[in-house]
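The values are calculated or read from the model by the stated rules, or taken from the named source; none is laboratory data. A quick note: this is a predicted structure, and the numbers were derived from the prediction, not measured. Every residue, glycine among them, receives a Cβ derived from its backbone with ideal geometry; neighbour counts consider all protein chains shown. SASA here: full protein model, heavy atoms, side chains in, ligands and nucleic acids out. Shrake-Rupley method; radii C 1.70, N 1.55, O 1.52, S 1.80 Å.
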Amino acid sequence: MARIIVITSGKGGVGKTTTSAALAMGLAQRGHRTAVIDFDVGLRNLDLIMGCERRVVYDFVNVINGEAGLNQALIRDKRCDSLYVLPASQTRDKEALTKEGVGKVLEELSHGFDFIVCDSPAGIEHGATMAMYYADDAVVVTNPEVSSVRDSDRMLGILSSKSRRAETNAEPIREFLLLSRYDPLRVQNGEMLSVEDVQEILSLDLLGVIPESRAVLNASNAGVPVILDSESDAGKAYGDAVARYLGEQVPHRFLTVQKKGFFSRLFGG
Amino acid sequence: MGLLDYFRSSRSKGSASVAKERLQILVAHDRSERHRPSYLPMLQREILEVIRKYVDVDMNAVSVNYEQEATREILELNIILPDTARNRA
């Protein structure tokens, strides 16, 4: 049976898709058979971030409607054999994702995979509730900024009341905080909420802190999950987050201002 | 304390602490709303209907308040009767 992980946030633009791509790739790189699903019907973007946009033939809604089989719609990643992408449909009919349809696809996937990563759309509408309904674990992606923290708290409320685990009185969804776009210099200057502040407000287990990084845009430009840029700060931070998710004890990095060396100052590194 | 330290300490009390304070209040309020039972608005409306059968009270005359404490839940009902109620009885 696969473990179903939803990547959610409420607010848009905080890094859900970046995180979905990175975590899925990280899990797959460690040999776990992983599928990552784009739930953002009408605004699919995961395929772009994963770099497989030109290989999309069938999508999630085609599978739900029985117009294509799962094996036809799943796109195998060219860099990692154990990673598959299920793209979202570009249809404007948001209701195409039915609870039964999504449940059937996840059920079928869970026989062949270890992890299913669900990339949620922003907001609290249908697509977002469908992405979290069947989840076992939730990664709440939050920026150290007031509206994002508030929306994350709203999502936690929805996770604890409107998921299948909540409705069937099963063991609750495990919830993790992933703080992204973190700028230690601004935190030091008192201009940005610190990781401790956000944790105190949301009281969640901290999966990782992803520093504000140029590597993220560079990676999305190229269609490469940023975790594959293993030299970059963001890539390393996502690598640590994957290790923590799998139960390893890894100290947090990039929480304080990195002192620049003489050469990096000179060459603008 | 040097002049530089003065500037630094005044800055560290900057916008982030304001953000944290605002969020703590907001999140506490949101959470208390979230834990209110969903039947409260309906309850309020039905109580009001019953009262209006006997007394001509205002639509805002009934307030229902729900509070959750560690060991008990308090459902508080407050009904404001109009001054003329006694005359009618």
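Structure data summary
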item	result
Conditions (1) at negative phi; (2) at pLDDT below 95; (3) open to solvent by 30 Å² or more (accessible area, probe 1.4 Å): number failed by A:Asn169	(1)
Count of segment A:236-249 residues which are under 22 Å from A:Arg186 (Cα atoms) and open to solvent by 10 Å² or more (accessible area, probe 1.4 Å)	1
Residues of segment A:124-156 classified as under 20 Å from A:Ile4 (Cβ atoms) and of a type outside the set (Asp, Glu), total	18
Search result, residues across segment A:184-235 that are within 14 Å of another protein chain (Cβ to nearest Cβ), open to solvent by 30 Å² or more (accessible area, probe 1.4 Å) and free of Cβ contacts under 8 Å to residues at least 12 places away in the same chain	A:Arg186, A:Asn189, A:Glu191, A:Glu196, A:Glu200, A:Ser203
Residue in segment A:210-221 that is out of contact with any helix residue (DSSP H, G or I) (no Cβ under 8 Å at 6 or more places or on another chain), among the aliphatic types (A, V, I, L, M) and under 24 Å from A:Gly51 (Cα atoms) present	yes
Options A:Ala166, A:Ala170, A:Ala215; residue that is touching a Lys or Arg at 6+ places or on another chain (Cβ under 9 Å) and farther than 14 Å from A:Ser9 by Cα	A:Ala170
Residue check, B:Ala28 surrounded by 14 or more Cβ atoms within 10 Å (Cβ to Cβ) and of a type outside the set (Val, Ile, Thr)	no
Hey, A:Ile75 open to solvent by 20 Å² or more (accessible area, probe 1.4 Å), of a type in the set (Val, Ile, Thr) and within 22 Å of A:Val6 (Cα to Cα) or not	no
Within segment A:75-181, strands (runs of 3 or more DSSP E) holding 3 or more residues that are farther than 30 Å from A:Leu255 by Cβ	A:83-86
